[in-house]
Structures are given as structure tokens and as C-alpha cells.
Amino acid sequence: MIKKIESTYLKIDTPQMIEVDRLMMEEYHIELIQMMENAGRCLAIVARDRFLEKDPQDKKIAVLVGTGGNGGGALVCARRLHSWGANVEVYTTANAEKFTPISMHQYHILRRMKVPILSGEELPKEGDYDLLIDGIIGYSVKGNPYGLPKVMIQWLNERTEKVLSLDTPSGLDLTSGTVHDPTVNAKATLTLAMPKKGLFEDTAKTIVGELYLGDISVPPQLYQEPSLNLEAMNVFRYADVVRIY
């Protein structure tokens, strides 16, 4: 279930989100693999309930992933959609050995499940999809994308199908709202834990599309830790995914 919430919520920036991740792992012992699983589960929920008519069976989906945590969350989403009956293809920005350890773990699960995993260099010029999922670059973006990630972003922007992005449209700075060249033009974005300031800049809203927020199991009291000193908010009490705008 996805629930719409009122616009009275906390907004954080990229350094604060990095600190949330650190506190989760070092102080609360909620590991990255748990957060990644929750992120991918929430992304799959948005894909299914918003874009796949609540039934992924036989739907054709391309999932484009980078090698870091954002790509790992998208790989979890790919696994869940595959398990729900979708025909999923995964396209990566690099070979498996370039993935961070937890994301590589997700990669090998998909290999074991025989989900097709291809290089982004093999993205098809023809063929239709029911949904495209963007997990190329997350909040770690620094400047204009280049190399294969750039090519994959351009491929997404040339397509007519709807694009669902994880955490941020790849290429968007989540603190400043700077739209780098290129940046994914998404139909919808699922951001994680708490909304990021850059998603609300006028320059960003047109490429963010519909904005959703997913629960990655951050304890509300974590935001009150001295290194953050933010108001605790219980926005997920009704649903794991909420719509912001």
C-alpha cells in the first residue's frame, strides 16, 4: 500500500544522509544489507502498485544499475520483481568485480536465479518495456556523469517508456538540486529514509516526477542523535511507502 502524506516532513542533505547510514551501522547495528533489502523491496512495491497495475506477471522490465549501494538496491528490486513473475533484464555499468561487496552479494543472487545480467553496452536499440528502473548513480554523484553511466542515462532519456528512479534520478545532486548533464528524466522517484533537500528545488522537480519515500528501517530516534540533532518523525506508521508529491 502507498499512502499520501501531508507536506510537513523533515528534509535532509547528502552529508546528513551519510551520517544516517553511519549511525545505522555503527551505533544501531542495522547493517547495509538490511537497508539495501528494504530499499529494493520498497522500490519493487512502487513499481508493482504504481506502474504494473499491481500485477508484475509477464511484464517486461529493464533495471539499469551501478556498482554501489544504489545499484544494489535496484538489484534487490529486480530479484523481487522476478520472483513476482516479471521478465526482468539487468544492465550494469561494470563487471561484477567492480561492485561494492554488498551489491556484489545481490548480483550473485540474481546470477543464481538465472536473471539475465548484461553490460550497459548491450542495451537494445529496439523493443518495448513495461517499465525502466534507474539505479545507476545515487547520492554520491559528483559532477557530470561520464563513461558508460552517461551512455546508460542517455539511453533512458531517449526511450518513451516510464522510468522509476531509486533515491534520485541518476545525475541529480540531492543537496543542491543541481541537474547535471545528463540526468535521468524520471516519471517517478523513490527516495529513502527522509526526503532530500535537492528534490524540492524547482530545477529538480521536473525530472524527479512523482516523489515517493521508502522505509529502510531507520529508528525515528536516530535523527535525534547529537551528530544530527533533528526532529524525530514517524512517517511510516501507516505504510512502508508514502507519496510526497
Discussion item. If I filter the range 190-245 down to residues being outside any loop (DSSP other than H, G, I, E, B), β-branched (V, I, T) and farther than 21 Å from L32 by Cα, which single residue comes out as farthest from the chain's Cα centre (by Cα)?
Written reply: T203
Worksheet item: Is there a residue in the range 67-78 that is over 17 Å from the mean Cα position of the chain (by Cα) and over 19 Å from D215 (Cβ atoms)?
Response: no
Practice prompt. Show the residue pairs that are 6+ apart or on different chains and have beta-carbon atoms under 6 Å apart, the first residue being within the range 146-161 and in contact (Cβ under 8 Å) with a residue 40 or more places away in the chain, the second being of a type in the set (D, E, K, R) and part of a helix (DSSP H, G or I).
Written response: none
Item to complete: Considering (1) over 16 Å from D13 (Cα atoms); (2) of a type in the set (S, T, N, Q); (3) free of Cβ contacts under 8 Å to residues at least 40 places away in the same chain; (4) surrounded by 14 or more Cβ atoms within 10 Å (Cβ to Cβ), say which one N234 fails and leave the rest.
Response: (4)
Practice prompt. Identify, by number, the condition in (1) closer than 22 Å to L174 by Cβ; (2) part of a helix (DSSP H, G or I) that T67 doesn't meet.
Written response: (2)
Worksheet item: Is there a residue being of a type in the set (G, A, S), touching a strand residue (DSSP E or B) at 6+ places or on another chain (Cβ under 8 Å) and assigned to a loop (DSSP other than H, G, I, E, B) anywhere in the range 51-63?
Response: no
Fill in: Pairs where the first residue, in the range 118-133, is closer than 19 Å to L148 by Cβ and the second is surrounded by 13 or more Cβ atoms within 10 Å (Cβ to Cβ) and acidic (D, E), C-beta under 9 Å, 6+ apart
L118/E89; P124/E89; L132/E161
Worksheet item: Among the residues of the range 1-51, which ones are surrounded by fewer than 20 Cβ atoms within 10 Å (Cβ to Cβ), of a type in the set (A, V, I, L, M, F, W, C), within 29 Å of S83 (Cβ to Cβ) and modelled with pLDDT of 95 or more?
Response: M25, I30, L32, I33
Discussion item. Can you report the number of residues in the range 135-149 which are in a helix (DSSP H, G or I) and under 17 Å from the mean Cα position of the chain (by Cα)?
Written reply: 1
Worksheet item: Q106 passes all but one of (1) in a helix (DSSP H, G or I); (2) within 14 Å of the chain's Cα centre (by Cα); (3) crowded, with 23+ Cβ neighbours inside 10 Å; which number fails?
Response: (2)
Discussion item. Return the residues of the range 109-134 that are modelled with pLDDT under 95 and either in a helix (DSSP H, G or I) or not acidic (D, E) (or both); say none if nothing qualifies.
Written reply: K125, G127
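Do you know which residues across the range 155-176 are more than 22 Å from L43 (Cα to Cα) and not in a loop (DSSP other than H, G, I, E, B)?
If the condition is that a residue be more than 22 Å from L43 (Cα to Cα) and not in a loop (DSSP other than H, G, I, E, B), then E158 is the only one that fits.
The values are calculated or read from the model by the stated rules, or taken from the named source; none is laboratory data. Source: prediction; values computed, not measured. FYI the Cβ positions are ideal-geometry reconstructions off the backbone, even for glycines, and counts take in every protein chain you see.
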